[in-house]
Amino acid sequence: METSRPWERPPGRAGSPGRPLFLTSKVRIQDAGYDKTLRSFEKTLTNLGTDYLYLIHMPYGDYHGSWRAMEELLRAGRVRAIGVCNFLPDRLCDLILSHEAVPAVNQIELHPFCQQRGLREIMAQYQIRPMAWAPFAEGLNGIFRHPVLSAIGAQYGKTPAQVVPRWLRQEGVVAIPKSVHAQRIQENFAVDDFRLSPADMVQIHALDLEHSLILEVSSVSEVYRLHSIRFEQ
């Protein structure tokens, strides 16, 4: 099996010296399948005008056909790396065992209340990098005022919103927080001047509820909902 990890390759046109920038796009459910994926790629490449990381958005539909198309794009050097989103252990292992290329990343719901440790153990076996969408749990469980995260942050003069990305970084997880507020964006980047202690990490570990708060990928109702979106478009 082969894999392609964008952080191990020289930066392309989207990169900057010393700090490469990786643009990411996804194959939507309605574009699943070999031919549709290739057409979707051409459209996205035209829109972005550069190479990038290409992901399968959901483990539904003909994602095997999509992966075959993406492997071809990778071999041809038309994408820098390929990966998946929301693939739980069964689908992830099925994909890996059915194809040549191993996903570079798996973009998953990952935050203090849903830490996905079992899935991450499997990903580590194949050197698949976890990428956390909604690292702040979309504000659920009072994450920005949570007493444990607040107490940890107070030791370092940091907010809970800075403790979370610091924790993810120490866990080896790529975080993709989202904000339109300049102050919060700056806050998200200001996490390199402190390090959480082992005791801090244990406290955050104990916050894990061991289930999704936002998207239950394996739920039958979720499968029907997402497929209905596919057919509406």
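The values are calculated or read from the model by the stated rules, or taken from the named source; none is laboratory data. Bear in mind that the values here come from a model prediction, so they are computed numbers and not experimental data. No Cβ is skipped: glycine too gets one built from the backbone with ideal geometry, and neighbour counts run over all protein chains shown.
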- Item | Pairs, first in contact (Cβ under 8 Å) with a residue 40 or more places away in the chain in segment 67-90, second surrounded by fewer than 20 Cβ atoms within 10 Å (Cβ to Cβ) and of a type in the set (K, R), C-beta under 8 Å, six or more apart | R80/R9; A81/R5; A81/R9; C85/K26
- Query: Would you pick out the residues in segment 184-233 that are at pLDDT 95 or above, hydroxyl-bearing (S, T, Y) and more than 14 Å from V163 (Cβ to Cβ)?
  - Reply: S212
- Item | Subset of segment 58-105 (residues that are of a type in the set (S, T, Y) and outside any helix (DSSP H, G or I)) | Y60
- Query: Counting only residues that are assigned to a loop (DSSP other than H, G, I, E, B) and either crowded, with 16+ Cβ neighbours inside 10 Å or charged (D, E, K, R) (or both), how many does segment 106-144 have?
  - Reply: 9
- So, of the residues in segment 178-231 that are free of Cβ contacts under 8 Å to residues at least 12 places away in the same chain and among the β-branched types (V, I, T), which turns out to be farthest from R117 (Cα to Cα)? V180
- Filter pass, I214 being in a helix (DSSP H, G or I) and either of a type in the set (A, V, I, L, M) or farther than 26 Å from A104 by Cβ (or both): no
